[in-house]
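The values are calculated or read from the model by the stated rules, or taken from the named source; none is laboratory data. Note that the structure is a prediction, hence the values are computed from the model and not measured. Methodologically, a virtual Cβ is constructed for each residue, glycine included, from the backbone with ideal geometry; neighbour enumeration extends over all protein chains shown.
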Amino acid sequence: MGNGTKKVVTRMAPSPTGFFHLGSARTTLFNFLYAKHCGGTFILRVEDTDRERSRKEYEESIFDGILWMGLSYDECYRQSERTDIYKNYLAKLIENGKAYISKEKAEEGRRSEVIRLKNPRQVVSFHDEIRGDISFDTSELGDFVIAKSMDEPLYHLAVVVDDFESGITHIIRGEDHISNTPRQILIAEAIGAPRPIYAHLPLILASDRSKLSKRHGALALSEYREMGYVPEAMVNFLALLGWSPQGKNADDQEIFFLDDLVKKFDLDKIGKSGAVFNIEKLDWINKEHLKKLSAEKLEDYILKALPSRLYGLPGWNKERFLKIIPILTERIVKFSDITEMSLAGELDFFFKTPEYETKNLIWKKDIGGEVIGEASGGLVETIKNISESSFTRENIKDAIMAFVGERDRGSILWPMRYGLSGLIKSPDPFVIASIIGKEETLQRMETVLKRLKKN
RNA sequence: GGCCCUAUCGUCUAUCGGUCAGGACAUGAGCUUUUCAAGCUCAGAAGCAGGGUUCGACUCCCUGUAGGGUCACCA
């Protein structure tokens, strides 16, 4: 497990200065997966040292996001609650000459006094589990500022102190932190902290291959939730962005649940290059997870996605709702699709008599409507002969197909389907009939008969 | 611009010197068929360029090119 006998401790350290986005979600996931894979500990640390920019609602979005994904942390704390700790380290640093209080030129918005680290100005080399050896010449950094005052530590100092205090063994974070690493190593050495293992993740990219950002329409994790993606899919998708379970004995598995991931996840299978966020793949993964959802969950999701307007329609009832679930599930990729279908009026016919144009009732190959004209009476009779109790999709289909016999199927089935749904595109007539029930099917078919006669 | 990182189908990726370069998404075609959806089958699609090293490079090294990241008294 990479670290000998030492228990693995990872952490996710988001700052509540913006919504919890995909990149943060994935970093959280990876830290969680690695810790759990190794039987270790995962810590959540809220980096809110910038008091002006930190906001409660952003912090909420972090907690919500983690919870939604089904992840959990073993410990959690805020940097804003730990000012004394940083202060102690600062004092020690100054005391032994590793840092000093620096007088600054008075400029607008700047302190006249800050605390700087005394930079030994050497080349710092470190090993990255994903990228190999990396080295930086830190002399360019100069004596950088580590705190605005004794009570106002800056990012790098707080990070290093907390990682040390929490006994973090593995720092797994985005590639955009590579250039922060030498600075943090310098501070770690100054406070006498051991060097953790670093693993810098490839970035999640927008379609133009630049870092995914708000500018590129990057969304908060919560927005995917609102669109009706299920957390299982999101976790699955995010895991596959930069990580691959495949190896020498690849088995081509693409669909994973969290516990599979915990089992299979490891740092050595993380890629180096940035991964473009591809929503089509997310859609597919979501669809796959939809199929694996329990009946209760599915019911709950779909009920929430249906506009309440539908509840008021004459045919609305729980039984009928349960019956349309499989049909809906088959036709959507995410739950907001249901809302859209409903808005487009594609769902109403399940709960009320449809309106439609008589001229569409006749199948294109049934010239003059001769076939359906001849058969319509028998069709209705056939439906009547199916007993109420056996009014299932299969039975209806068998009966009607038997009736159709040598006749042209389309000429019979199209009018039936169109008459039942009022839509050019819809599920097949047998399911519709089974859902709306015998009585209503008959009613709608009578209407079809009438209209055909008039025609 | 300095520093750092990266480079296999359109996208996510497998390959840890010898493969017909594999899989998935997407795409196209076909099957099924009463429409749609779903499903099934098949197809097209890749090693950035140039040098090395080697019997042999996608794989190792160098250079170039391209892309990205980062350069705060933000995190």
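Details
- Selection from segment A:207-233 of residues that are part of a helix (DSSP H, G or I), crowded, with 20+ Cβ neighbours inside 10 Å and more than 14 Å from RNA strand B (Cβ to nearest atom): A:L221, A:Y224, A:E232
- When the residues of segment A:58-71 are filtered to those that are surrounded by fewer than 18 Cβ atoms within 10 Å (Cβ to Cβ) and in contact (Cβ under 8 Å) with a residue 24 or more places away in the chain, the one that is farthest from A:G18 (Cα to Cα) is A:G70.
- Scan of segment A:128-140 for residues that are more than 8 Å from RNA strand B (Cβ to nearest atom) and either crowded, with 18+ Cβ neighbours inside 10 Å or modelled with pLDDT of 95 or more (or both), ordered by number: A:E129, A:T138
- Checklist (1) within 14 Å of RNA strand B (Cβ to nearest atom); (2) farther than 30 Å from A:E95 by Cβ; (3) among the acidic types (D, E); (4) surrounded by fewer than 17 Cβ atoms within 10 Å (Cβ to Cβ) applied to A:E175, failing item: (4)
- Every residue from segment A:255-277 that is within 7 Å of RNA strand B (Cβ to nearest atom) and either over 30 Å from A:G174 (Cα atoms) or surrounded by 13 or more Cβ atoms within 10 Å (Cβ to Cβ) (or both): A:K269, A:G271, A:K272, A:G274, A:A275, A:V276
- Residue within segment A:37-47 that is modelled with pLDDT of 95 or more, part of a loop (DSSP other than H, G, I, E, B) and within 11 Å of RNA strand B (Cβ to nearest atom) present: yes
- Note on segment A:132-162: residues that are without any contact (Cβ under 8 Å) to a residue 40 or more places away in the chain and charged (D, E, K, R) amount to 4.
- For segment A:291-323, the set of residues classified as hydrophobic (A, V, I, L, M, F, W, C) and in contact with a Lys or Arg (Cβ under 8 Å, 6 or more places away or on another chain) consists of A:L313 only.
- In segment A:117-131, the residues that are farther than 18 Å from A:I94 by Cα and touching a residue at least 12 places away in the same chain (Cβ under 8 Å) form Cβ pairs under 8 Å with partners that are of a type in the set (F, W, Y) and surrounded by 13 or more Cβ atoms within 10 Å (Cβ to Cβ), at six or more places apart or across chains, as follows: A:V123/A:F136; A:V124/A:F136; A:F126/A:Y198; A:H127/A:Y198; A:D128/A:Y198; A:E129/A:Y198.
- Looking at A:Y356, A:Y301, just one residue is assigned to a loop (DSSP other than H, G, I, E, B) and away from RNA strand B (no atom under 12 Å from the Cβ), and that residue is A:Y356.
Here is a yes/no grid of residues against (1) of a type in the set (G, A, S); (2) surrounded by 19 or more Cβ atoms within 10 Å (Cβ to Cβ); (3) within 14 Å of RNA strand B (Cβ to nearest atom); (4) within 18 Å of A:L361 (Cβ to Cβ):
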site	(1), (2), (3), (4)
A:K397	no, no, yes, no
A:I400	no, yes, yes, yes
A:E406	no, no, yes, no
A:K438	no, no, no, no
A:L442	no, no, no, yes
A:V448	no, yes, yes, yes
A:K453	no, no, no, yes
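- Residue match in segment A:141-153 (condition: charged (D, E, K, R) and near RNA strand B (Cβ under 8 Å from one of its atoms)): yes
- Members of segment A:57-74 found to be part of a helix (DSSP H, G or I) and hydroxyl-bearing (S, T, Y), listed by number: A:Y58, A:S61
- For segment A:161-180, the criterion of being outside any helix (DSSP H, G or I), in contact with a helix residue (DSSP H, G or I) (Cβ under 9 Å, 6 or more places away or on another chain) and small (G, A, S) is satisfied by at least one residue.
- The conditions of being within 10 Å of RNA strand B (Cβ to nearest atom), in a strand (DSSP E or B) and either within 30 Å of A:L201 (Cβ to Cβ) or free of Cβ contacts under 8 Å to residues at least 12 places away in the same chain (or both) are not met by A:S54.
- Pairs with Cβ under 7 Å, 6+ apart, first in segment A:270-286 and over 9 Å from A:L203 (Cα atoms), second more than 6 Å from RNA strand B (Cβ to nearest atom) and assigned to a helix (DSSP H, G or I): A:F277/A:L22; A:K281/A:F237; A:L282/A:A233; A:L282/A:F237; A:I285/A:A233; A:I285/A:N236; A:I285/A:F237; A:N286/A:A233
- Residue in segment A:83-96 that is within 20 Å of A:Y229 (Cα to Cα) and surrounded by 15 or more Cβ atoms within 10 Å (Cβ to Cβ) present: no
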